Amino acid sequence: MKQINTAILIIGFGKAGKTLAAYLGKKGIRTVLVEQSEKMYGGTCINIGCIPTKAMVLQAERHQPYAEALARKGELTSSLRHKNYQSVDQYASVDVITGKATFLHEHAVRVVLPDGSDVEITAERIFINTGTVPLLPDLPGREQSSRVYTSTTLLEQPVLPERLVIIGGGFISLEFASMYAQFGSQVTILDIAPVFLPREDEDMAAEVRSVLTGKGIEIVNSAHVQRIVPGETTDRIQVSIQGTPRTMEADAILIATGRKAYTEGLNLEAAGVVTDARGFIPVNRLLQTNVAHIWALGDINGGPQFTYISLDDFRIVRDQLFGPRQRHTEDRQHVAFCVFVSPPYAHVGLREKEAAQQNLAYRVVKIPARVVPRTALLQQPEGMLKLLVDPETDQILGCTLFCAEAQELINTVRIAMKAGMTFGQLTNEIYTHPSMTEAFNYFD
């Protein structure tokens with residue numbers, strides 16, 4: 001077996017891992033980056049996650065034919081995958097090895113290469129960046145069906161399904177429902193939860209539901225899927241809705257019931273690395289596992305599953321290795337998120353229901369998206385903008401946006417909150433016109 005000794009070993013080509021590898025390459029530090037698939041250079045986001053799905057959302061909003069949108073998505077991901085590979089491989093001190101890594105002990109892994117040969121890599125420090133994969137429920141008929149897909153495999157299908165049934169009512173479900181409905185599919189969401197978007201405020205969830213149903217999407221709550229019955233031309237889904245049986249047909253079934261940690265084959269036990277009850281790798285605030293020289297970065301450590309959090313994981317590690325060792329996960333305040341339905345849904349800080357549960361004093365300020373002139377220009381007048389404000393200090397407690405370009409606006413609010421700006425300061429600033437940021441001028 002070939003032997004390689006290195007200072008740094010990174011397992012997984014995700015955002016944190018690839019950014020760390022490139023940074024170490026610039027410093028000339030001996031580094032090995034292992035990725036099990038050449039189709040995953042760059043990680044989940046650019047290959048099967050954020051980038052391809054958002055590219056498809058954009059094409060759907062532009063009413064592009066499905067086949068053309070798929071082709072453009074493929075060209076985009078291929079280009080980014082090559083760019084990401086080159087961003088790491090350009091450094092002489094960094095080796096990219098394609099193969100499956102398995103721990104031998106706490107300082108070494110065995111990597112099986114595509115040709116069946118293997119190599120042993122010994123490292124002083126190891127960073128695990130293997131991410132997550134779709135969580136598939138144990139559903140009768142699922143494995144026998146050829147029409148059941150994940151968020152990854154559905155986007156590989158060359159033909160637009162006439163009838164798409166989505167099992168799961170979370171954010172991934174909503175993005176795909178909105179997208180495929182705009183391409184022309186008849187979409188049904190089967191959500192086991194009794195309430196639509198139960199974590200969100202009722203008024204905002206109702207607004208989202210209204211817009212989605214306005215696109216022709218059927219949303220069924222308290223839907224317990226019993227089984228999938230494969231057929232010659234379509235599958236049948238047998239479901240119990242508040243105890244009432246119902247059967248529906250589908251050309252495609254998307255299972256969007258969450259994601260799980262991907263540690264398959266890593267043999268973490270050999271390294272002494274523990275996992276939690278859900279299979280994720282617990283870390284301290286410096287992202288170290290229970291084995292001090294092994295870190296877990298990105299989604300695999302059980303933190304918020306966002307690419308921008310993975311990038312911040314890199315910053316924490318960089319600070320440990322080369323900085324004053326002051327940065328840690330507890331520095332993160334007001335982490336925002338955005339769901340790319342049409343229009344996008346974004347949030348930062350407290351929701352109204354959370355403020356009420358904490359017995360905080362607050363006032364709610366809301367405006368319909370249509371009052372902002374740019375929504376007319378973009379032909380996206382749907383939605384609502386909501387701010388939660390401390391009535392005594394005028395500090396912004398939270399913000400939920402369901403409107404055009406919410407993915408950009410939410411960053412403005414987050415920075416304002418972090419900087420300690422008041423509601424009055426945010427809403428009385430001078431903004432360009434016609435822009436979505438001038439929406440803040442319409443709050444009273």
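Conditions (1) at pLDDT 95 or above; (2) over 28 Å from the mean Cα position of the chain (by Cα); (3) over 17 Å from residue 180 (Cβ atoms); (4) polar (S, T, N, Q), marked per residue:
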residue: 221; (1), (2), (3), (4): yes, no, yes, yes
residue: 236; (1), (2), (3), (4): yes, yes, yes, no
residue: 240; (1), (2), (3), (4): yes, yes, yes, yes
residue: 243; (1), (2), (3), (4): no, yes, yes, no
residue: 249; (1), (2), (3), (4): yes, yes, no, no
residue: 252; (1), (2), (3), (4): yes, no, no, no
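List every residue pair whose Cβ atoms lie under 8 Å apart, where the two residues are 6 or more positions apart in sequence or sit on different chains, the first residue falls within region 294-306 and is of a type in the set (Asp, Glu), and the second residue, located anywhere, is in a helix (DSSP H, G or I) and crowded, with 24+ Cβ neighbours inside 10 Å.
299/44; 299/310
Can you say whether residue 349 is under 30 Å from residue 207 (Cβ atoms), at pLDDT 95 or above and not assigned by TED's automatic domain parsing to the domain that holds residue 209, as far as the supplied structure shows? Explain how you work it out, then say what you get.
Values: under 30 Å from residue 207 (Cβ atoms): yes; at pLDDT 95 or above: yes; not assigned by TED's automatic domain parsing to the domain that holds residue 209: yes.
Yes.
Residues to consider are 209, 236; find the one that is surrounded by fewer than 18 Cβ atoms within 10 Å (Cβ to Cβ), under 20 Å from residue 139 (Cα atoms) and either aromatic (Phe, Trp, Tyr) or touching a strand residue (DSSP E or B) at 6+ places or on another chain (Cβ under 9 Å) (or both). Lay out the reasoning, then the answer.
Values: 209 fails: under 20 Å from residue 139 (Cα atoms).
After applying the criteria, what remains is 236.
Considering only region 135-169, how many residues are within 16 Å of residue 259 (Cβ to Cβ) and crowded, with 18+ Cβ neighbours inside 10 Å?
Of the residues in region 135-169, 9 are within 16 Å of residue 259 (Cβ to Cβ) and crowded, with 18+ Cβ neighbours inside 10 Å.
Considering only residues that are aliphatic (A, V, I, L, M) and touching a residue at least 12 places away in the same chain (Cβ under 8 Å), look in region 64-91 and name the one that is surrounded by the most Cβ atoms within 10 Å (Cβ to Cβ). Give the derivation first.
As a first pass, look at region 64-91 and keep what is aliphatic (A, V, I, L, M): 67, 69-71, 76, 80, 88.
Retained after the next criterion (residues that are touching a residue at least 12 places away in the same chain (Cβ under 8 Å)): 67, 69-70, 76, 80, 88.
Values: 67: 11, 69: 22, 70: 22, 76: 16, 80: 17, 88: 25.
Top of the filtered list is 88.
Which pairs turn up if I take residues in region 260-284 that are touching a residue at least 60 places away in the same chain (Cβ under 8 Å) and more than 19 Å from residue 107 (Cα to Cα) and look for partners that are part of a loop (DSSP other than H, G, I, E, B) and among the aliphatic types (A, V, I, L, M) with beta carbon separation below 9 Å, at least 6 apart in sequence or on another chain?
Taking only residues 6 or more apart or on different chains, the pairs are 260/135; 260/136; 261/281.
Give me the residue from region 171-206 that is among the small types (Gly, Ala, Ser) and in contact with a Ser or Thr (Cβ under 8 Å, 6 or more places away or on another chain) and, out of that set, surrounded by the fewest Cβ atoms within 10 Å (Cβ to Cβ). Explain how you work it out, then say what you get.
The first filter runs over region 171-206 and keeps only residues among the small types (Gly, Ala, Ser), leaving 173, 177-178, 181, 184-185, 193, 205-206.
Within this subset, residues satisfying the condition of being in contact with a Ser or Thr (Cβ under 8 Å, 6 or more places away or on another chain) are 178, 193.
Working: 178: 25, 193: 14.
Only one residue tops the list, namely 193.
So which strands (runs of 3 or more DSSP E) stay within region 329-444 end to end and still have 2 or more residues that are in contact with a helix residue (DSSP H, G or I) (Cβ under 8 Å, 6 or more places away or on another chain), among the aliphatic types (A, V, I, L, M) and touching a residue at least 24 places away in the same chain (Cβ under 8 Å)? Steps first, please.
Numbers: elements: 337-339, 345-349, 363-368, 384-389, 396-402.
Per the criteria, 345-349, 363-368, 384-389, 396-402.
When you look at residue 186, is it closer than 28 Å to residue 55 by Cβ and in contact (Cβ under 8 Å) with a residue 40 or more places away in the chain, yes or no?
Numbers: closer than 28 Å to residue 55 by Cβ: yes; in contact (Cβ under 8 Å) with a residue 40 or more places away in the chain: no.
The answer is no for residue 186.
The values are calculated or read from the model by the stated rules, or taken from the named source; none is laboratory data. What you see is a predicted model; the values in this text were computed from it and never measured. Note that we place each Cβ from the backbone using ideal geometry, even for glycine, and neighbour counts take in every protein chain shown.
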